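No value in this document is a laboratory result; all are computed from the given coordinates. None of these values were measured; they are calculated from a predicted model. Neighbour counts are summed over all protein chains in view; Cβ atoms, including those assigned to glycine, are modelled from backbone coordinates with ideal geometry.
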Amino acid sequence: MALRKILTRGDPTLGKVCRPVEKFDERLHMLLDDMKETLAQANGAGLAAPQVGILRRAVVVVDDQDRMVELINPVLIHTEGEQTGLEGCLSVPGKFGVVTRPEKAAVRAQDRNGNIFEMEGEGIVARCFCHELEHLDGHLFVEHTDRLFTAEELEAMSSEDEAE
């Protein structure tokens, strides 16, 4: 396993549509293992292959049990409800925006061996599904927000709220 460099906003790779994974081989397994290690080291909630420069439909998401779930060729099959909250991205370091996403989301995907499965998530997991799948089509969360905040700005706003 190896850490991969996470591409940041402005890199043209992040704006491209990924191709489906067709070979479920050792190269894919190595990519997934590297993505999991990179995600853990970055302390993120999800990571998509294009964020590490690979234009394939593969993501890793941390579920509500704190396990890393591999989703190959994922498709959103159901959403329900709505949640609005802060969102960040490893490819937009140090910036956060208010984004509205579904409260619940279900995906159909393949595992590292090509087996099809379905998975549901609520709250942060649903947010992650939607966020990471958008990466596969060349989109970033910044397209859904009117303003980006720094961690310092958020902390200052939080301090003001507590003082009131």
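Worth a mention:
- Going from the fewest other Cβ atoms within 10 Å to the most, the residues H131, H144 appear in the order H144, H131.
- For the chain, built as a Gaussian network whose Cα springs stay under 10 Å, the top-fluctuating residue of G85, G97, G46: G85
- Rounded tilt (10° steps) of 124-135 against the dominant C-alpha axis of the chain: 60 degrees
- Each of S91, A106, I54 was placed along the dipole of region 12-163 (beta-carbon charges, centred on the mean Cα), and the one lying farthest toward the positive end is I54.
- Rounded tilt (10° steps) of 26-42 against the dominant C-alpha axis of the chain: 20 degrees
- Degrees, to the nearest 10: 151-163 long Cα axis against longest axis of the chain: 40 degrees
- Computed helical MRE - 222 nm, the chain, DSSP H runs ≥ 4 contributing -39500 (n - 2.57), nearest 500: -8500 deg cm²/dmol
- Neighbour-count order for I72, I116, fewest beta carbons within 10 angstrom listed first: I116, I72
- Within a straight-line Cα-Cα reach of under 18 Å, K16 can be paired with the following aspartates and glutamates, leaving aside sequence neighbours fewer than 8 residues apart in one chain: E132, E134, D137, E143.
- Under 21 Å from K95, Cα to Cα: lysines that are on another chain or at least 8 residues apart: K5
- Ranking of L136, L14 by neighbouring Cβ atoms within 10 Å, starting from the fewest: L14, L136.
- Student exercise, region 12-163 dipole from Lys, Arg, Asp, Glu Cβ charges, in Debye to nearest 20: 840 debye
- Region 13-59: GluC sites (Glu not before Pro) in DSSP loop, at most 16 other beta carbons within 10 Å: E22
- Most mobile listed residue (Q41, Q65, Q51) in the chain, GNM with C-alpha springs under 10 Å: Q65
- Among A48, A105, A151, the largest mean-square fluctuation in a Gaussian network model of the chain (Cα springs under 10 Å) belongs to A151.
- Centroid-to-centroid separation of region 112-164 and region 51-73 [C-alpha atoms, Å]: 14 Å
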